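What follows is a set of notes on a single structure, which appears directly below.
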Amino acid sequence: MRTAAHALLFLLLAVVSTPDCLAGEITDVVSLEALPPSVVRTAPLCGDDAVDPNLSEISVTFSKDMKVTGHCWSWCSVEESSFPVLSGATEFLEDNRTCVLHVALEPEKTYAIWINVDQFQSFQDTGGHPAVPYLLVFRTGPKE
């Protein structure tokens, strides 16, 4: 009985303290302005294993307006062989939240692309907060 009570107390303490542990950096005010931008959509979708190899654009959309002047992106390779061949200039769309990478994909190949990682933090909101790192992984289907 005593062991069960200790286990229950431990579990209760873990649940009560979990939100602060998961928050990482504690902020005084939780708000859209104070917290970093995050990826809300990608095209293709992360985990898709049947992407059309003729797809010519990869895009990422963020939760906030982003800096769009200059070289304001960090599309980073996991390894050179899993990064797509670039076929044009990278650009932000008029919504200031979506960045497009122009690519030439190969059939039946797995791609892995970091959006911000390590020291590469150029995806930033207009307040200078770097976006939360995001790993986009997908595989192309066969050539039609």
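The values are calculated or read from the model by the stated rules, or taken from the named source; none is laboratory data. Owing to the predicted nature of the structure, the values given are computational and were not obtained by experimental measurement. Counting neighbours? That spans all protein chains shown, and the Cβs are built from the backbone with ideal geometry, glycine included. For accessibility, only protein heavy atoms count, side chains too; no ligands or nucleic acids. Shrake-Rupley method; radii C 1.70, N 1.55, O 1.52, S 1.80 Å.
Residues that are open to solvent by 30 Å² or more (accessible area, probe 1.4 Å), of a type in the set (A, V, I, L, M, F, W, C) and out of contact with any Cys (no Cβ under 9 Å at 6 or more places or on another chain) within the stretch 58-95 comprise Val78, Val85, Leu86, Ala89, listed in sequence order. Cβ-Cβ distances below 6 Å connect the following pairs, each with a first residue in the stretch 88-116 that is hydrophobic (A, V, I, L, M, F, W, C), a second residue that is open to solvent by 50 Å² or more (accessible area, probe 1.4 Å) and assigned to a loop (DSSP other than H, G, I, E, B), and a separation of six or more residues or different chains: Phe92/Val68; Val103/Ser87; Ala104/Ser87; Leu105/Leu55; Ala112/Val78.
Among the conditions (1) touching a Phe, Trp or Tyr at 6+ places or on another chain (Cβ under 6 Å); (2) surrounded by 14 or more Cβ atoms within 10 Å (Cβ to Cβ), the only one that Thr98 does not satisfy is (1).
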